[in-house]
Amino acid sequence: MGGKYRTEFNHTVAACLVLILYLTGMRPGEVAMLAQRCLREVRDPYTGEVLRWKVVGVPEKRRTKGAGQASGRKVAEWVVPEPAARAIELLEALYAPFRERSGSRLLLLNLRVLFPGAKPDPKGFPMSVKCIWWALRSFQDMV
């Protein structure tokens, strides 16, 4: 990935992260561990219109609010506004080719996945909280 493209890619990811973090109240570690297709539409049964969006993920503090359990870990649902939902959809689209190449199911990926011989950790190629901080700082400097 070229330098200018990578910078613009990172700025787009950071802009999405700003929306998600600000509008949902999620912690960076919670966003980092979201899986692809974590966004759920809640539709009106009569009109079919989207009433709200929910994001399903693992809370950082491992508490639930009635969402059940997935593979032994607690899960939570966050009700999110439309701009945050659109940001999640954009992240899914941006990372799709890298996710396909790596086989990872995470929403956000650390782009070391592109380097030959890169070895995934047990969770795949997650974007760390430190990488999120760096992306946000770089975006802030650009703005």
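Summed over the stretch 1-20, residues that are closer than 16 Å to Glu89 by Cβ and open to solvent by 30 Å² or more (accessible area, probe 1.4 Å) total 4.
Look at the stretch 25-40: where a residue is free of Cβ contacts under 8 Å to residues at least 60 places away in the same chain and a partner is in a loop (DSSP other than H, G, I, E, B), sitting 6+ places away or on another chain with Cβ atoms under 6 Å, you get Arg27/Glu60; Glu30/Glu60.
With the structure loaded, tell me whether Pro45 is open to solvent by 50 Å² or more (accessible area, probe 1.4 Å) and modelled with pLDDT of 95 or more or whether it fails that test. Taking the combined requirement at face value, the residue does not satisfy it. Residue selection: Arg27 satisfies the criterion of being under 14 Å from Leu108 (Cβ atoms) and open to solvent by 20 Å² or more (accessible area, probe 1.4 Å).
The residues of the stretch 30-46 that are more than 11 Å from the chain's Cα centre (by Cα) and among the hydrophobic types (A, V, I, L, M, F, W, C) amount to a single one, Val42. Selection of the stretch 113-143 for residues being within 24 Å of Glu60 (Cα to Cα) and either of a type in the set (Phe, Trp, Tyr) or exposed (fewer than 12 other Cβ atoms within 10 Å of the Cβ) (or both) yields Asp121, Pro122, Lys123, Phe125, Lys130, Trp133, Trp134, Arg137.
Of the residues making up the stretch 114-143, those that are under 16 Å from the mean Cα position of the chain (by Cα) and part of a loop (DSSP other than H, G, I, E, B) are Lys123, Phe125, Met127, Ser128.
Of the residues making up the stretch 22-29, none is within 13 Å of the chain's Cα centre (by Cα) and at pLDDT below 90.
The values are calculated or read from the model by the stated rules, or taken from the named source; none is laboratory data. Everything quoted here is computed from the prediction, not taken from an experiment. Neighbour counts run over all protein chains shown; Cβ positions are idealised from the backbone, glycine included. Heads up: the accessible areas ignore ligands, DNA and RNA and are worked out on the full protein's heavy atoms, side chains in. Shrake-Rupley method; radii C 1.70, N 1.55, O 1.52, S 1.80 Å.
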